[in-house]
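**Student:** Mind having a look at this structure? Questions to follow.
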Amino acid sequence: MVNWIKNDGPNSDVVISSRIRLARNIEGIPFPIIMDDKQAQQVVKIVKDAIFNSNTVLAGEFIDLEIDKLSDIDVQRLVEVHVVSPDLVKNRKRSAVLLRRDETVSIMINEEDHIRIQCLNTGFQLENVWDLADKVDDVIEENVKYAFDEQLGYLTCCPTNVGTGIRASVMLHLPALTITGYTKGMLQTISKIGLTVRGLYGEGTEVAGNMFQLSNQLTLGQSEEEIINNLTTVTHQLVDREWAARENIAKHDRYGLEDKIYRSYGILSNARKISSKEAMDLLSDVRMGVDMEILKEVDINTINQLMFDIQPASVQKLAGITDGAEQRDVARAEVIRQRLNKK
Amino acid sequence: MYCEKCKKRPATLHFTKIVNDEKTEVHLCEQCAQEMGKVNTMFTPFSITDLLSSFFEVGGEGQQTIYGQQALKCPQCGFTFGDIKKTGRLGCGHCYVTFREQLMPILKRIQGRTEHSGKVPKKIGGQIWLSREIKRLKDELNKAVAEEAYERAAQLRDKIRELEGKPVDGQGRW
Ligand SMILES: [Zn+2]
Ligand SMILES: [Zn+2]
C-alpha cells in the first residue's frame, strides 16, 4: 500500500501528484561524491539530530527507515512509490532516509547532496507542498549551517541545482492529449520556457500509461515562488487542454471512446498474465473513463493505488514471490483482478 | 561519456530501457540514436543534468585558456577543475569559491542567470536576510492586493510585521 496516494488532493483528475524537492548541503563537509565513510556518518548524525531533537512537532512525526538494513526489494519498492530516489539506492550503505509517517515528507541523507528534502502529495497542490518543504528546511537549518553563497544561493553538488536548490514537479495523466498528438508539440514548447517534461514508466522515448512529469529546469535567478507560479500556470493550461481534448473525443466518437475504455477494463479484469507496460496503458484508459464518469464500476483511488502497486518490486512484495518476470506477470494480473473485481 | 554504439562521439542522449521489467541505462550520441530510431519528436528524452559533461566539454581553443589551470586544487576537498569536468559535479561548497572564475560562464550557460534571488537561510543572512525577505514579501503583498487576494494579503502583512519586529497575534512556530 502506498500511504501518500490515499490523501484526497485537489484537482486530482489530471494531476496525480505534486512534489517539491530541496537540495541542501552542510558547510565544511565535502559532498557525498567524494566524502569518506566517517564524514558520511557525521552528516547522517547531524541531520538526524536536527530533526529528532528539534523542539517542533516534526520530531515525533518522523521515523528512520534504516535503509541500509532493508532488502533490495523493499528499497526498490520505496523507489517505485516515489518515497526514495533511484540515486539514493546506489549509495544506500552510507545513506539514511527519514520518513514522515504519512509518507508525505522524506529527508534523504547523502544522496547526491547531503540533504534532499522531498515533500509529496496527491493532486494539484504545489503551494501547500512548498510550504511544508520550506518549514522542514527551516527546522533543519536551526541546527545546521548550510553551504550558502550570497551570490549563488544554496550550493549543490550539481550546478543544475545551485541557487534555490528546488525541483518542483507535477505528475500528469494526459491520455487525450497523447491520442490527439498534441503532446508532441507541447513538450517541445515547454522546454523553451524553462520547464522539462519527461515520460514516466516508459521505455526509451516511449511513454507508458500516458504519464508525464513536468518540472522546472532552472534553479538560479528565480525565487521559489516564481518557479512554482510558472509551473502552476503551465499545469493549469495543460489540465484545461486535456479536458478540452477529452470532451472533443467524447463529442465526435462517443462509442469509440466507451469501447476503448470498456475493452481495457475488460482485459484488466480478466487477464491471467500481464506486463507492467501493458497494464499501465490499460489503466490509463480506465482512469480516463473514471474521470469522465463513463466507467462507474471502479473508483479512482483504486486505480491510483494500482498504478504504483503493479510496478515490478511492488508486485513481488505484494505477492510474496521471488524474482522472475513470468511469475511476476502472473502475480500482477492477479493483483489487478482482485482489486477491480472487489465490490 | 562516450556513445555506447560508435564509441566515438560523446553520448548526449540517455534512455532508460525496460526489458522484462529490468531497467538499464542506454547512452547514445544523437546520430546513432537517430539511426536506431530511438528519437522521435515526442519529447526530448534527456534532462539538462545529463547534458552536463557536454557543457563542460564543449568549446574550442578559447576555452582552453580558461580551463587550462587544471593543477588548481580546492583546498577543502582536493577536487581539481579536471575532476569537475569529468564528473559534471563539484566536490564541496568551497569549490564554488575556488573555481569561481571558470564556473561562472558555465553557470550562465546552464542556468541563464548567475544571481540567486530566492530563499536565504536566516542564520547566514542575518540583516541581509531580513531586508531581502521583507522586500520580497512586500512585492508579494502588492501583487496580492492588485489581484484582490485579500486573505493572502493579510497573511503577508502579518508576516512582514513579524519580521519588522512588530507584534502580531502570537501563533507559535510550526
Ligand atoms: Zn554514436
Ligand atoms: Zn571543493
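The values are calculated or read from the model by the stated rules, or taken from the named source; none is laboratory data. What you see is a predicted model, and the numbers here were worked out from it, not measured in a lab. In this analysis, Cβ positions are derived from the backbone assuming ideal geometry, glycine residues included, and neighbour counts consider all displayed protein chains. Quick note on the areas: whole protein, heavy atoms, side chains included, nothing else; ligands and nucleic acids left out. Shrake-Rupley method; radii C 1.70, N 1.55, O 1.52, S 1.80 Å.
**Student:** Counting other Cβ atoms within 10 Å, which GluC sites (Glu not before Pro) in segment A:54-154 have at most 12 and lie in a DSSP loop?
**Tutor:** Qualifying residues, ordered by number: A:Glu66, A:Glu150.
**Student:** If you don't mind, another one. Which aspartates and glutamates does B:Lys8 reach when only Cα atoms under 19 Å apart count, and residues fewer than 8 places away in its own chain are ignored?
**Tutor:** B:Glu25, B:Glu30, B:Glu35, B:Asp50, B:Glu57
**Student:** So between B:Val145 and B:Met1, what do we pick up on full extension, going 0.36 nm a residue minus the alpha carbon distance?
**Tutor:** 46.7 nm
**Student:** Quick one: accessible area per residue over segment A:3-243, 1.4 Å probe, rounded to a whole number of Å²?
**Tutor:** 34
**Student:** Follow-up question, since we're still on this one. Could you list the residues of segment A:127-163 with an amide nitrogen less than 20 Å from a label point located 7 Å from the Cα of B:Ser131 in the Cα-to-C-beta direction?
**Tutor:** Label zone hits: A:149-153.
**Student:** Next up: Determine the calculated [θ] at 222 nm for chain A from helices alone, applying -39500 (n - 2.57) to every DSSP H run no shorter than 4 residues and normalising by the residue count; nearest 500 deg cm²/dmol.
**Tutor:** The helix-only estimate for chain A comes to -15000 deg cm²/dmol at 222 nm.
**Student:** OK, next. Going down the table (A:Lys145/B:Lys135; A:Lys45/A:Lys145; A:Lys45/A:Lys93; A:Lys145/B:Lys123; B:Lys119/B:Lys159), which pairs top 18 Å between alpha carbons?
**Tutor:** A:Lys145/B:Lys135
**Student:** Pop a pseudo-label 7 angstrom from the Cα along the beta-carbon direction at both A:Asp68 and B:Leu163 and give the gap in nm to one decimal.
**Tutor:** Between A:Asp68 and B:Leu163, the label points sit 4.0 nm apart.
**Student:** Next question. Could you pull out every residue, at least 5 positions away or on a different chain, whose amide H is within less than 5 Å of the one on B:Cys92? Hs are placed 1.01 Å off N in the peptide plane, and Pro or chain starts have none.
**Tutor:** Amide H to amide H, under 5 Å and 5 or more residues apart or across chains, B:Cys92 pairs with A:Phe31.
**Student:** Moving to a separate point now. With θ set to phi - 60° and the Karplus curve 6.51 cos²θ - 1.76 cosθ + 1.60, what are the ³J(HN,Hα) couplings of segment A:278-293 in order, to the nearest whole Hz, using x for Gly and Pro?
**Tutor:** Karplus-based 3J(HN,Hα) across segment A:278-293 equals 5, 4, 4, 5, 5, 4, 4, 4, 5, 4, 5, x, 5, 4, 8, 6 Hz.
**Student:** Anyone know which of A:Gln327, A:Gln213, A:Gln311 comes out most mobile in the 10 Å Cα GNM of chain A?
**Tutor:** Most flexible of the set in this elastic network: A:Gln327.
**Student:** Let me ask you something else. Explain nothing, just the number: relative contact order of chain A, from Cα pairs under 8 Å at least 6 residues apart, as a whole percent.
**Tutor:** Normalised by residue count, the contact order of chain A is 20 percent.
**Student:** Next up: What is the average number of partner chain Cβ atoms found within 10 Å of a Cβ in A:218-226?
**Tutor:** The shielding value for this peptide is 6.
**Student:** List the residues, sorted by chain then number, that are 5 or more residues from A:Ser17 or on another chain and whose placed amide H is less than 5 Å from its amide H.
**Tutor:** So A:Ser17 has HN proximity to A:Gly123, A:Met171.
**Student:** Now, a different point. If you count, for every residue in A:31-44, the Cβ atoms of partner chains within 10 Å of its Cβ, what is the mean? Don't skip to the answer; put the middle values down first.
**Tutor:** Details: counts 8, 1, 8, 10, 3, 0, 0, 0, 0, 0, 0, 0, 0, 0.
Going residue by residue through A:31-44 and averaging, the value is 2.
**Student:** Another question about this same structure. Evaluate the distance, in nm, between pseudo-label points positioned 7 Å from the Cα of A:Asp37 and of A:Phe308 along their respective Cα→Cβ axes.
**Tutor:** 3.4
**Student:** Here's a follow-up. So, with a 1.4 angstrom probe, what is the percent of accessible area on chain A that is carbon and sulfur?
**Tutor:** 47
**Student:** Length gain on complete extension for the stretch A:Asn53 to A:Asn270, per 0.36 nm per residue less the alpha carbon to alpha carbon distance?
**Tutor:** 72.9 nm
**Student:** Another question about this same structure. Please give the peptides B:88-94, B:107-113, A:11-17 ranked by average Cβ packing (other Cβ atoms within 10 Å per residue), highest first, as a rough proxy for protection.
**Tutor:** B:88-94, A:11-17, B:107-113
**Student:** Based on alpha-carbon centroids, what's the gap between segment A:122-163 and segment A:38-76 in Å, whole number please?
**Tutor:** 18
**Student:** Counting other Cβ atoms within 10 Å of each Cβ, which trypsin sites (Lys or Arg not before Pro) in segment A:82-149 have at most 12 and sit in a DSSP loop?
**Tutor:** When the trypsin sites (Lys or Arg not before Pro) of segment A:82-149 are filtered for loop state and at most 12 Cβ neighbours within 10 Å, A:Arg101 remain.
**Student:** Report the calculated FRET efficiency for A:Gln327 and B:Lys108 (r = Cβ-Cβ distance, R0 = 60 Å), to the nearest 0.05.
**Tutor:** About 0.70, to the nearest 0.05.
**Student:** If you take each beta carbon of peptide A:143-149 and count the beta carbons of other chains within 10 angstrom, what is the mean?
**Tutor:** Numbers: counts 1, 2, 3, 5, 7, 8, 7.
Counting Cβ atoms of other protein chains within 10 Å of each residue's Cβ and averaging gives 5.
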